[in-house]
Amino acid sequence: MDTIKLVINHVYDFVSEKEILQQADNATAANKALHDGTRAGNDFLGWVNLPSSVTEDFIRDIEDTATALRTRCDVVVVVGIGGSYLGAKAVIDALSNSFDWLQHERKDPVILYAGNNIGEDYLHELTEYLKKRQFGIINISKSGTTTEPAIAFRLLKDLLVGKVGKEEACRRIVAITDASKGALRTLAGTEGYKTFVIPDDVGGRYSVLTPVGLLPIAVAGINIRELLRGAKDMEEATGANTSYEVNLPAIYAAIRNELYRKGKKIEILANYNPKLHYFAEWWKQLYGESEGKEGKGIFPAAVDFTTDLHSMGQWIQEGERTIFETVLSVKEPKENVKIPHDEANLDGLNFLKGKRVDEVNKMAELGTLIAHVDGGVPNILIEIPKLSEYYIGQLIYFFEKACGISGYMLDVNPFNQPGVEAYKRNMFALLEKPGYEAETKAIKERL
Ligand SMILES: O=P(O)(O)OC[C@H]1O[C@](O)(CO)[C@@H](O)[C@@H]1O
């Protein structure tokens, strides 16, 4: 299999090859536990064999539903928060034209997002824009009760029904939720929306290869078969019996845990391609919710280079030495743009004339890697041959698998997120939600 590559020699000044090899048993046992279901969170392991268990009927259903939405709508709004939108946005942004929404003669609908914040102006501006568009909605919530998407959906549904009537609105709304529980499942049943199920044993942040990610991605005109093929190849290459030396997620998980033990408490995911910005946002949720608990866990941060070399670059080079970097390096861009000659040469850059822009980017990448390692920042490099459905599929499964292994190596349950409830309880108490009377009284006394 042609594959993404893991380059680890730039951590050797901080973690030796021997120390990495010493983690073989630990990492392999953690990987095996994900397959055998013998550790905490074993009711959330549906993602492990997901790519290889997808059926042709399922893919057709997704593709047909996507075609129906594409036929009826110029704009499709994906309503969801956290794992219910980040995976789709990560893949769509990685594989689309950066100026997609400005293209006039489009064959694919514009994909917009709502329900991932409670910004009043955002919702107003979105609904104003949609008034003039033929739009549809993919409403995604595993629990079916999350406040942010529920508020956005109320507004968008009212707008759509008012604009095209109940019957046509029903054809343009798809609900993706739990098989039987939650408000969204009930609503979809009453209204007769087309629905897809988020499997019980797949948590939100591991759900990009379920309808949660696949439907919006297919609506955007991206080939989900290739995405799944990439993920499936990575699933096969990282099975329970794969030996540690060639099991990329196991090695990545082991290194980051060794670095953490040595005081590297923050991992910065860096990219040199602006299309990967949201991939890092997806990754941040995956690792942050999975590992940040019981007073433990690497803090996942992200930067877009070279943009952020002109802002965060100073901190990374010379700030507190508690960080390491994982760099996403795309080998081959899709296009070929050469730097032109300039007669006046006022910027002194004629020495670059005729060179590809990517050559400059690659030298910035290499120069940064050397500088950061010299400055005490270990670097892990993930080489991606090109931004395609196939390699993004590999990368998704690679990071999911590594996250499960890493969480088990850290000795936490990587599949729960109890801490997220704290803000919700306070918000509901402050909003005087029925049933929260005691909490309302208690919190108001603290104000
Ligand atoms: O799909 P739901 O149930 O609306 O949840 C959305 C997100 O909210 C969280 O549950 C945290 O509150 C995430 O884990 C999840 O991805």
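Within the chain, DSSP assigns beta bridges of which about 10% are antiparallel (rounded to the nearest 5). In the complete set of protein chains, residue-level accessible area for residue 316 is approximately 0 Å², probe 1.4 angstrom. Across the accessible surface of segment 202-297, with the other protein chains kept in place and a 1.4 Å probe, carbon and sulfur atoms take up 51 percent.
Over the residues of the chain, the helix contribution to mean residue ellipticity at 222 nm works out to -15000 deg cm²/dmol, using -39500 (n - 2.57) for each DSSP H run of at least 4.
Peptides 75-82, 304-311 ranked from most to least packed by the mean count of surrounding Cβ atoms within 10 Å: 75-82, 304-311. Annotation for segment 66-97 versus segment 156-193: alpha-carbon center distance of 17 Å. FRET efficiency for the residue 345 to residue 105 pair, using the beta carbon distance and R₀ = 45 Å, is estimated at 0.75. Fully extending the segment from residue 366 to residue 147 would add 74.4 nm, taking 0.36 nm per residue of separation and subtracting the current Cα-Cα distance. On full extension, the segment bounded by residue 132 and residue 40 gains 28.2 nm, given 0.36 nm per residue less the C-alpha separation. Restricting attention to segment 94-212, the count of lysine pairs at 8 or more positions apart or across chains with alpha carbons under 30 Å apart stands at 28.
Relative to the current alpha-carbon distance between residue 441 and residue 72, full extension at 0.36 nm per residue lengthens the span by 127.9 nm. Taking 338, 262, 142 as the candidate residues, the one with maximal mean-square fluctuation in a Gaussian network model of the chain, Cα springs under 10 Å, is 338. Of the residues 324, 382, 416, the one whose Cα sits farthest toward the positive end of the charge dipole of segment 323-418, with +1 on the Cβ of Lys and Arg and -1 on the Cβ of Asp and Glu, is 382. Would you be so kind as to identify which of 123, 257, 62 lies farthest towards the positive end of the dipole of the chain, taking Lys and Arg as +1 and Asp and Glu as -1 on Cβ and the Cα centre as origin? Towards the positive end, the residue furthest out is 123.
Kindly work out what percent of the DSSP beta bridges joining two residues of segment 288-447 are antiparallel, to the nearest 5. It would help to have the intermediate numbers written out before the result.
Working: 2 of 8 bridges.
Close to 25 percent.
Taking label positions 7 Å along the Cα-Cβ direction at both residue 420 and residue 261, the computed distance is 3.1 nm, reported to one decimal. Entry note, segment 1-126: relative contact order of 22 percent, from Cα contacts under 8 Å with a spacing of 6+ residues.
Largest GNM mean-square fluctuation across 300, 274, 149, computed for the chain with C-alpha springs under 10 Å, falls on 274.
With the other protein chains left in place, how much accessible area per residue, in square angstrom, belongs to the chain at a 1.4 angstrom probe?
Numbers: 20670 Å² over 447 residues.
Computed with neighbouring chains in place, this is 46 Å² per residue.
For segment 340-389, the list of GluC sites (Glu not before Pro) that fall in a loop by DSSP and count at most 11 other C-beta atoms within 10 angstrom reads 343. Close lysine pairs were tallied over segment 246-373: pairs 8 or more places apart or on different chains with Cα atoms under 15 Å apart number 13. Counting only aspartates and glutamates at least 8 places from residue 424 when in the same chain, those with an alpha carbon closer than 17 Å to its own are 148, 289, 432, 437, 439. Which trypsin sites (Lys or Arg not before Pro) in segment 10-119 pass both tests, a DSSP loop state and at most 16 other beta-carbon atoms within 10 Å? Filter output for segment 10-119: 106, 107.
Farthest towards the positive end of the charge dipole of segment 1-58, among the residues 4, 48, 24, is the Cα of 24, using unit charges on the Cβ of Lys, Arg, Asp and Glu. Candidate membrane-span-like segments in the chain, meaning DSSP H helices with Cα atoms spread over at least 18 Å of their own axis and a Kyte-Doolittle mean of 0.0 or above, are 248-261, 357-374, 389-409, with no membrane implied. When only Cα pairs below 8 angstrom with a gap of at least 6 residues are kept, segment 241-397 shows a relative contact order of 24 percent.
Relative contact order of the chain, please, whole-number percent, based on alpha carbon pairs below 8 angstrom and at least 6 residues apart. All intermediate terms of the calculation are to be shown ahead of the outcome.
Values: 732 pairs, mean separation 104.7, N = 447.
This gives 23 percent for the chain.
The amide H of residue 270, built 1.01 Å from its N in the peptide plane, has 303, 326, 327, 328 as neighbours under 5 Å, considering only residues 5 or more places off or on other chains.
The values are calculated or read from the model by the stated rules, or taken from the named source; none is laboratory data. This is a predicted model, so every value here is computed, not measured. FYI the Cβ positions are ideal-geometry reconstructions off the backbone, even for glycines, and counts take in every protein chain you see. Note: accessible area is taken over every heavy atom of the protein model, side chains too, but ligands, DNA and RNA are not part of it. Shrake-Rupley method; radii C 1.70, N 1.55, O 1.52, S 1.80 Å.
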